[in-house]
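J.: Here it is: the structure, laid out below.
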Amino acid sequence: MRITLRQLELFIEVAKIGHLTQVAKNFGLSQSAVSMSLKELESILGCKLFERVQKRLVLNEKGRAFFNEVEPLVFKLKDIESEFMSQENRGKLVIGCSTTIADYIMPNIVCEYMNQYPEVQIQLKIGNTAEISQMIEQGLADIGYIEGDAECNSCITTPIGKDELVVVTGDKSLAKKKEHFIDNLMDMKWILREEGSGTRSEFVKQLGQFGSDLNIYLELRHTEAIISVLKEVDQSISCVSKIAVKKYLDAGELYEMKIKGFEFSRDFSQIYYKNKYQSELFKKFSLYARSRFAQILGDKYA
């Protein structure tokens, strides 16, 4: 990306003030330096952003559209910079993670953060969604990352990304059909996560009236255990996070089954106790984790 933060800051200031001289004074620059920065920005974008009206620079229609897009981004970047410079990152944080997040997302985020800030210690506690919600409510973890709905009335819950759930099998004969009707699959050997799992609760909830009719052949606590069974047992089916099985689907060891009329998904959410004191470390890690979730899941960062 060739556009710099300084170019955006000068653009916003000129858009608000309209005079290069005053903007140059505010930034400790020469008027020609401010003018050159605006010209470079317009050159990169391939369009004019300002019109000169008497002695003022006024945004044109392109400039107004660009201003509306970049002003909140620049403010957010300044907030992040201020937050991270305000105090050293140090201390200990206890993070609760439900199983899918703990297995496939959070370890990398935690390692990155501790490598960047060596004086920070992070302890991970792993459980299903119900267990993590309980840890937060009881003060056993500072912040939690869960799949599905939090079972915690006294928690603040913030969605931080969307996770796709897929119905999969290791039985090649079942995968031959391009699409299945859910009522024809009720008697198959369903291998599901245990009660309290966010994956299971979201899947059953989205099945609606069919959820109570599933032939639950086996309940397992870990997705990798489910995958092992699917690869060995004929006519076995499960619904799991696509993140967890992507490499097996790519390798042809498992097969995705399309269910007519159904597309399964759930939110990944961040939770914490509503009356919790938010230390600088708590706020900084929370911001960092939300940003990394957005990058990993490909979601727009809000």
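Nothing in this text is a laboratory measurement; each read-out follows from the coordinates by a stated rule. Owing to the predicted nature of the structure, the values given are computational and were not obtained by experimental measurement. As a convention, Cβ positions derive from the backbone with ideal geometry for all residues, glycine included, and neighbour counts pool all protein chains shown.
J.: Can you compute the FRET efficiency between Gln278 and Glu71 using 1/(1 + (r/R0)^6), with r the Cβ-Cβ distance and R0 = 22 Å? Round to the nearest 0.05.
T.: 0.25
J.: Choose one answer from Asp163, Asp250, Asp142: the residue with the largest mean-square fluctuation in a GNM of the chain with alpha-carbon springs under 10 Å.
T.: Ranking Asp163, Asp250, Asp142 by mean-square fluctuation puts Asp250 first.
J.: Separate question: Given the rule -39500 (n - 2.57) for each run of at least 4 DSSP H residues, summed and divided by the residues of the chain, what is its mean residue ellipticity at 222 nm, to the nearest 500 deg cm²/dmol?
T.: So the calculated ellipticity at 222 nm is -14000 deg cm²/dmol.
J.: Which is farthest toward the positive dipole end of the chain among Thr169, Ile17, Phe75, measuring Cα position about the Cα centre, with Cβ charges +1 (Lys, Arg) and -1 (Asp, Glu)?
T.: The residue sitting farthest along the positive end of the dipole is Ile17.
J.: Moving on. What distance in nm lies between label points placed 7 Å from Cα along the C-beta direction at Asp250 and Val229?
T.: Taking the simple label geometry, Asp250 and Val229 are separated by 2.7 nm.
J.: Run the numbers for Glu219 and Lys55: contour at 0.36 nm per residue of separation, minus the present Cα-Cα distance, in nm. Before the final figure, lay out the partial values.
T.: Values: separation 164, 0.36 × 164 = 59.04 nm, distance 7.39 nm.
Full-extension gain reported as 51.7 nm.
J.: Based on the Cβ-Cβ distance from Leu124 to Ile296, what FRET efficiency comes out when R0 is 22 Å, to the nearest 0.05? Before the final figure, lay out each step's value.
T.: On the way: r = 17 Å, r/R0 = 0.76.
That pair, Leu124 with Ile296, gives E of 0.85.
J.: Scan (1) 48; (2) 35; (3) 52 for the value of percent of Cα pairs over 29 Å apart calculated from this model and give just the label.
T.: Step by step, percent of Cα pairs over 29 Å apart for this structure corresponds to label (3).
J.: Which chymotrypsin sites (Phe, Trp or Tyr not before Pro) in the stretch 247-280 pass both tests, a DSSP loop state and at most 12 other beta-carbon atoms within 10 Å? Intermediate values should be presented prior to the final figure.
T.: Working: sites: Tyr248, Tyr255, Phe262, Phe264, Phe268, Tyr272, Tyr273, Tyr277; in loops: Phe262, Tyr277.
Here the chymotrypsin sites (Phe, Trp or Tyr not before Pro) that fit, given the DSSP loop and packing criteria, are Tyr277.
J.: Taking only C-alpha pairs under 8 Å that are 6+ residues apart, what is the relative contact order of the chain in percent?
T.: Rounded, it is 20 percent for the chain.
J.: Another question about this same structure. Could you count how many Lys pairs in the stretch 76-184 have their Cα atoms under 28 Å apart, skipping same-chain pairs fewer than 8 positions apart?
T.: Taking the stretch 76-184 as the scope, the lysine pair count is 8.
J.: With the dipole of the chain worked out from charges on the C-beta (+1 for Lys and Arg, -1 for Asp and Glu) around the Cα centre, which of Ala33, Tyr273, Cys97 lies farthest toward the positive end?
T.: Ala33
J.: In nm, to one decimal, how far is the Lys178 label point from the Lys162 one, both placed 7 Å along Cα→Cβ?
T.: Result: 2.4 nm between the two label points.
J.: Between Ser265 and Arg6, 0.36 nm times their residue separation minus their Cα-Cα distance comes to what?
T.: The span from Ser265 to Arg6 would gain 89.2 nm if fully extended.
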